[in-house]
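Worksheet for the structure shown next.
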Amino acid sequence: MTSGDLVERLVAQHENQLPFIVYRKPNELKVTGLLQNSNQIFFTEEFTEQGFVFSPFDNSRRTVLIPLSQSERISCSHWDALSKNENPKSLVSGATNQAKETHIKLVDKGVEAIKSGAFKKVVLSRKEEVSLSNNNPITILNHLLLAYKSAFVYCWYHPKVGLWLGATPETLIKKEGRRFSIMALAGTQSYNGTLEVTWKEKEKQEQQFVTDFIEDQLRPLVETYQISDTETVKAGNLVHLKTMISAQLKPDIILKDVIDGLHPTPAVCGLPKAEAQRFILDNENYNREYYSGFLGELNFETTIAPRSGRRNIENRAYAMKKNSSQLYVNLRCMQIKDKKGIIYIGGGVTESSISEVEWEETVSKSLVIRKVL
């Protein structure tokens, strides 16, 4: 199927108010779509089904599922640009002084709570609304696909939930059989043409909090695990600190156990998780909905070729089929509602946070999505 054919199918699906997801994985060319054949809303509780999941930040709320069994899967091998994304000459934040004042007060309150011993870290966020002259989701998706090759880029729609798009740099879980990997991503600076950057103690501490949390949650669930060195990676106009954790699950552990332990991670919530999440829900004064939740393929069947080698020579003709799940944290995202784009942005707050600096970080992050509008 060509990208033009795929676009036609998506437009028809949207006009008929039927659910769909279209996405491209990081550093890949293939674009995949799932078109659900009814407007029914499905949920998953145990994460045992096959399909595409869309989960909110508040883990007491249900995860929406577009089931493979109720959908048609379509794809194109690469995306042909519908139009070139011509960026405006000067890109500025649309945030108001009132928004700045509100966010600074929120950060100050978070720092105060940390100093009083309520928690070690909290991730505080806000939203910006942008009037859209063109609220066609396929046009915005086109711009995201062209601009962010190394992100998980998606457009998700359900008439009973809403319309979301994003280009997230962060993997929550990649799982094949009992093997899986997790990304710890934290710390943010603007990209200035080089990955040779100096990280402040606050940013290093933030990254260590996330890595330590993941290690603590995984230890009872896995047989073995490995933690990589921390590196600086680029995501759009920003750079972050990234550590990869890979592990082998114990035979009796299921994906739900891992999700329950990890989501929401300190990278989007805080530490300890329950206390930080309570502070967020009580103090942010808006509903994050699916921002900083997660989304992705659930239990897709993949074929894995056996390793080559003398011992395996007689087995090379046999490929193994395994269930694969690839879930991404829903960052750098927006919701389209009533001809407006709602952009969601946040940042990690620790004891050493400076509220003005935290505000500027959210402004930098907002430009990732503003760039394509």
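The values are calculated or read from the model by the stated rules, or taken from the named source; none is laboratory data. Predicted model, so just to flag it, every value in this text is computed and none were measured. Ligands, DNA and RNA are stripped out before the accessible areas are found, and what is left, the full protein with its side chains, is counted by its heavy atoms. Shrake-Rupley method; radii C 1.70, N 1.55, O 1.52, S 1.80 Å.
Taking all protein chains together and a 1.4 Å probe, the residues 3, 77 rank 77, 3 from largest to smallest accessible area. Pairwise Cα distances in the chain exceed 37 Å in 19 percent of cases.
Here the relative contact order of the range 200-297, from alpha carbon pairs under 8 Å that lie six or more residues apart, stands at 25 percent. Computed with a 1.4 Å probe over protein heavy atoms only, the accessible surface of the chain comes to 47 Å² per residue. With contacts taken as Cα pairs under 8 Å at a separation of at least 6 residues, the chain carries a relative contact order of 25 percent. The figure for residue 78 is an accessible area of roughly 90 square angstrom, using a 1.4 Å probe on the protein chains alone. Note on the range 1-149: Kirkwood hydrodynamic radius from all Cα pairs is 19.0 Å, rounded to one decimal.
Among 147, 99, 235, the largest mean-square fluctuation in a Gaussian network model of the chain (Cα springs under 10 Å) belongs to 99. Per residue of the chain, the DSSP helices (runs of n ≥ 4 H) give a summed -39500 (n - 2.57) that works out to -8500 deg cm²/dmol at 222 nm. Overall, the accessible surface of the range 94-251 at a probe of 1.4 angstrom is composed of carbon and sulfur to the extent of 45 percent. Only protein heavy atoms count here; under a 1.4 Å probe, residue 160 has an accessible surface of about 120 Å². Once C-alpha pairs closer than 8 Å and six or more residues apart are averaged by separation and normalised to the residue number of the range 43-200, the relative contact order reads 12 percent.
Inter-part distance, the range 238-291 to the range 27-46, computed on C-alpha centroids, equals 23 Å. Of the DSSP H helices in the chain, those with a Cα length along their own long axis of 24 Å or more and a mean Kyte-Doolittle hydropathy reaching -1.0 comprise 97-115. The accessible area of residue 43, taken with all protein chains in place and a 1.4 Å probe, comes to roughly 70 Å².
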